[in-house]
Amino acid sequence: MKRSSISKKTNSKLSIITIVLLVIAIIAILFFTSNKNENSKEEEGDLEQKEIVAEDPVNEESQKPEEVKEESDDISGDSNEQSKEPINKEENNEESKPNQDEKPKVDNGYIVDQTLPTTPTYIDGVLIANKKYPLPKDFNPGEDVEARVAFEEMASAARKVGYEITAFSTFRSFEYQTTLYNRYVERDGKDNADRYSARPGYSEHQTGLAFDIGEVGREDVWLTSEFGETEAGKWLLENAHNYGFILRYPKGKEDITGYMYESWHFRYLGIPLATEVKQSGLTLEEYLGID
Ligand SMILES: [Zn+2]
């Protein structure tokens, strides 16, 4: 019994030691394993840090030239332009979009591929014919009777002060304008012809209200700016509105009227309107608000 009890005690001691050793071993393994994990985490952290460190110099390098640029721009005063640039670009984009969608192509003031209307255009009761507002092909009123009467009154008034004026070209049909325009294009080229001769359908002469005026005996200056420098031409410029006419294509208004200065081309509007337009100093387009 004693022996067995001793051996039992020894056995139990051994098993306790074994358990303790096992526990120690487990703890040791666990500790080792966790330590290894932490190490690997640190390594990863190092990598991340290294990546960050590696990125930073790139960022600094990429920022530095800009800072230097900005400084140099400040000195040269271009920084304002630089800051405006994106805004302008946006504005341009906004402008160019409707241009592409809404505004048609223009050739010497004419809308490319425009079809002639079926009815003439009246703005505030005024029949308008210009590069933007053409007439129907079959609009064929002939010379306006009222305008002719007014012209004869003007001519007799001019005669009284010593100038013999005549209207050498008034109403022109679509067909006649076609012949005339083609002749001018052949002679001077399209770009030049478009400055002084209307394309068929666009001529104010087709309204029957336009009168090309010259002085008898001074045919040499008909259809030239020189007529405007003659005494007869000056008298007309100052007095035509009293008879219902205005100089239709004045000097320096080519961008608005579409035509070079034509000292000889007068448009009948009736005395009240002609007087108002003359006193306003505006072209008919500006006066009607269609410039
Ligand atoms: Zn004319």
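Rule-based calculations on the coordinates, nothing more; no lab input. Given the structure is predicted, the values throughout are model-derived calculations rather than measurements. Cβ coordinates were reconstructed from backbone atoms using ideal geometry, including for glycine residues, and neighbour counts include every protein chain displayed.
Checking the a/c ratio against 1.5 first, then a/b against b/c, what shape does the Cα gyration tensor give for segment 126-168? Prolate is the answer for segment 126-168, as a/c is 1.5 or above and a/b outweighs b/c.
Stretching the chain fully between Ser280 and Leu116 yields a gain of 55.9 nm (0.36 nm per residue, less the alpha carbon separation). When every Cα-Cα distance of segment 121-288 is counted in 10 angstrom steps from zero, the calculated P(r) takes the values 10, 41, 39, 10, 0 percent. For segment 228-276, the ratio of Cα radius of gyration to the globular rule of thumb 2.2 N^0.38 Å stands at 1.10. When the charge dipole of segment 121-288 is built from unit charges on Cβ atoms (+1 for Lys and Arg, -1 for Asp and Glu) and taken about the Cα centre, the candidate among Tyr176, His241, Gln279 whose Cα reaches farthest toward its positive end is Tyr176. Each of the peptides 226-232, 264-270 was scored by the mean count of other Cβ atoms within 10 Å over its residues; in descending order, highest first, they stand as 264-270, 226-232. For segment 94-174, the number of Lys pairs separated by eight or more positions or lying on different chains, with C-alpha atoms closer than 25 Å, is 9.
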